[in-house]
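Report on one structure; see the data block that follows.
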Amino acid sequence: MKKALITGISGQDGSYLSEFLLDKGYDVHGMIRRSSVDYRERIAHIEGHPHFHLHYGDLGDSMSLLNIIGKIRPDEIYNLAAQSHVQVSFDVPEFTADVDAVGVLRILEAVRLTGQVKTCRIYQASTSELYGKVEEVPQTETTPFHPYSPYAVAKQYGFWIVKEYREAYHMFCCSGILFNHESERRGETFVTRKITLAAARIAQGRQDKLRLGNLSALRDWGYARDYVECMWLMLQNDKPQDYVIATGRQHSVREFCMLAFHYAGIELEFQGVGIEEKGIDKNSGRILVEVSSDFYRPTDVVNLCGDPTKAMTELGWDPSKTGFEELVKLMVEYDMKKIAMEKAETKIRVNLEEYLEKGVVK
Ligand code: NAP
Ligand code: GDD
């Protein structure tokens with residue numbers, strides 16, 4: 001039975017990759033950090049599986065990495081752990097550099113120092129943010145990099161150190177240059193999930209307005225569940241190589257917003273420009289979306305669109321499994337149910353408190 005180690009297992013991609021590898025018959029090991037609330041929502045449903053094991057460690061802690069990698073001796077490592085929020089990287093640039101840049105080096109060295117150069121294959125979660133202030137559209141494996149945030153600069157180091165270890169030590173290590181991929185498990189402060197949750201809350205009377213930053217930013221959004229297959233395919237390849245993983249389609253934040261509200265039953269129209277732009281409910285005339293400079297970044301990446309031709313032809317990967325409309329729909333449907341459940345729970349709690357107060361229930 002093959003053994004895989006996933007860092008960042010509690011994140012969006014880590015949870016889908018765990019399910020994917022368990023289905024393939026792997027023994028899956030995951031690295032987790034201690035947290036004050038020890039509940040890992042995205043992987044709670046697989047904890048307890050006989051081939052699913054969790055280990056405490058941290059990308060900032062070489063000793064934990066040496067210990068975990070030396071003990072498990074995995075056939076494959078998927079390094080998904082990162083401080084992954086671009087805007088937050090402007091607030092915590094040093095931590096972001098330590099984890100997203102030096103953390104990659106620590107993994108590579110742990111593999112090398114424990115004598116697993118020939119036996120262990122490594123996938124590095126790289127990113128379209130490397131193209132940053134883009135120099136061509138669409139972006140391919142040969143497009144020059146121009147990282148445009150502390151996050152992207154750190155990930156750039158990760159990309160190059162993986163390439164360096166591949167050439168210097170002939171390690172099987174490669175980077176997936178993944179464009180944005182979303183899902184119902186996406187972190188709630190990334191723009192897509194922030195929008196789908198807000199659309200669901202507004203439609204059910206639980207929120208008045210949504211405040212966003214740059215509505216004109218363009219992204220190539222895919223479905224995370226489809227993208228984890230590519231990580232695995234890259235490690236099954238004959239040669240270690242880097243691949244762009246994307247859909248080849250581009251949409252603006254504004255378009256995402258209009259579609260999400262549409263699936264929540266609200267037709268929006270946008271009026272105005274820049275900070276004055278508003279998203280207005282066509283039926284009621286209410287302003288539901290406003291622009292706030294709080295969500296502007298010191299430097300923003302505004303024109304991402306990937307060309308997945310190499311992954312399609314060499315890995316046989318299909319980027320068209322889940323289209324943009326379907327992705328937005330499934331995220332909104334999930335959040336509509338989530339908010340309805342939260343409403344129901346609140347109602348039950350309030351009723352129960354009233355009954356307790358009146359002494360109806362003891
Ligand atoms: P995510 O949901 O934010 O998950 C990040 C994971 O990293 C979490 O499990 C987190 O653990 C863990 N982590 C953070 N700091 C750590 C540290 N110091 N030591 C160990 N673990 C740490 O991210 P994602 O969307 O799944 O993305 C996975 C990877 O792909 C990331 O490296 C991201 O930068 C990269 N990427 C993502 C996209 C995308 O669109 N999703 C695109 C390109 C590249 P906690 O749960 O304890 O916080
Ligand atoms: N988060 C956020 N919140 N972004 C907003 C908002 C807002 O309120 N309003 C507009 N945006 C714009 C951002 O300025 C950015 O241009 C775009 O929406 C997407 O932002 P995010 O969803 O935060 O994602 P990201 O593209 O910056 O980063 C994600 O994708 C990268 C791949 O390109 C992350 O998953 C990274 O880890 C990943 O590498």
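The values are calculated or read from the model by the stated rules, or taken from the named source; none is laboratory data. What you see is a predicted model, and the numbers here were worked out from it, not measured in a lab. Here Cβ is always computed from backbone atoms with ideal geometry, including for glycine, and neighbour counts include all displayed protein chains. Each accessible area value is taken on the protein alone, full model and side chains, heavy atoms only, with ligands, DNA and RNA left out. Shrake-Rupley method; radii C 1.70, N 1.55, O 1.52, S 1.80 Å.
Suppose the filter is under 18 Å from the mean Cα position of the chain (by Cα) and farther than 24 Å from ILE266 by Cα; does GLU136 pass it? Let's see the steps before the verdict.
Values: under 18 Å from the mean Cα position of the chain (by Cα): no; farther than 24 Å from ILE266 by Cα: yes.
Spelling it out, it is not the case that GLU136 is under 18 Å from the mean Cα position of the chain (by Cα) and farther than 24 Å from ILE266 by Cα.
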Across the stretch 199-229, which residue is nearest to ligand 1 (Cβ to nearest atom) among those that are in contact with a strand residue (DSSP E or B) (Cβ under 9 Å, 6 or more places away or on another chain) and of a type in the set (Asp, Glu)?
-> ASP220
Please enumerate the residues belonging to the stretch 1-20 that are touching a helix residue (DSSP H, G or I) at 6+ places or on another chain (Cβ under 7 Å), away from ligand 2 (no atom under 16 Å from the Cβ) and assigned to a helix (DSSP H, G or I).
-> PHE20
ARG249, sole failed condition from (1) over 18 Å from TRP221 (Cβ atoms); (2) open to solvent by 70 Å² or more (accessible area, probe 1.4 Å); (3) touching a residue at least 40 places away in the same chain (Cβ under 8 Å) | (1)
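Select from the stretch 59-89 the residues that are in a helix (DSSP H, G or I) and touching a helix residue (DSSP H, G or I) at 6+ places or on another chain (Cβ under 6 Å) and write down the one among them that is farthest from ligand 2 (Cβ to nearest atom). First the steps, then the outcome.
Taking the stretch 59-89 as the starting set, the residues that turn out to be in a helix (DSSP H, G or I) are 62-72, 86-89.
The next check asks that each one be touching a helix residue (DSSP H, G or I) at 6+ places or on another chain (Cβ under 6 Å); those that pass are 62, 65-66, 69, 86, 89.
Details: SER62: 23, LEU65: 21, LEU66: 26, ILE69: 24, VAL86: 4, SER89: 9 Å.
Out of the qualifying residues, it is LEU66.
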Qualifying residue in the stretch 36-57 (condition: within 16 Å of ligand 2 (Cβ to nearest atom), under 18 Å from the mean Cα position of the chain (by Cα) and open to solvent by less than 10 Å² (accessible area, probe 1.4 Å)) = no
Across (1) within 12 Å of ligand 1 (Cβ to nearest atom); (2) within 22 Å of ILE32 (Cα to Cα), SER128 clears everything bar (2)
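Given the residues THR247, THR196, which is the only one that is within 16 Å of ligand 1 (Cβ to nearest atom), of a type in the set (S, T, N, Q) and touching a helix residue (DSSP H, G or I) at 6+ places or on another chain (Cβ under 7 Å)? Before the answer, list the steps.
On the way: THR247 fails: touching a helix residue (DSSP H, G or I) at 6+ places or on another chain (Cβ under 7 Å).
Within the list THR247, THR196, the selection yields THR196.
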In the stretch 310-337, what residues are surrounded by fewer than 15 Cβ atoms within 10 Å (Cβ to Cβ) and part of a helix (DSSP H, G or I)?
-> THR313, GLU325, GLU326, LYS337
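Being open to solvent by 20 Å² or more (accessible area, probe 1.4 Å), assigned to a helix (DSSP H, G or I) and in the same structural domain as MET331 (by the TED database) narrows it down to one of ARG193, ARG206, ARG254, so name that one.
Only one candidate passes the filter, namely ARG254.
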Matching residues, the stretch 1-13, being open to solvent by less than 10 Å² (accessible area, probe 1.4 Å) and closer than 15 Å to ILE122 by Cβ | ALA4, LEU5, ILE6, THR7
Boolean, TRP232 is part of a helix (DSSP H, G or I), outside the structural domain of VAL291 (by the TED database) and either buried (at least 18 other Cβ atoms within 10 Å of the Cβ) or under 14 Å from the mean Cα position of the chain (by Cα) (or both) | yes
Neighbours by Cβ (under 6 Å, 6+ apart or cross-chain): first from the stretch 325-337, more than 12 Å from LEU197 (Cα to Cα); second open to solvent by less than 40 Å² (accessible area, probe 1.4 Å) = LEU327/TYR223
Can you find even one residue in the stretch 116-126 that is in contact (Cβ under 8 Å) with a residue 60 or more places away in the chain, of a type outside the set (Val, Ile, Thr) and not in a strand (DSSP E or B)?
-> no
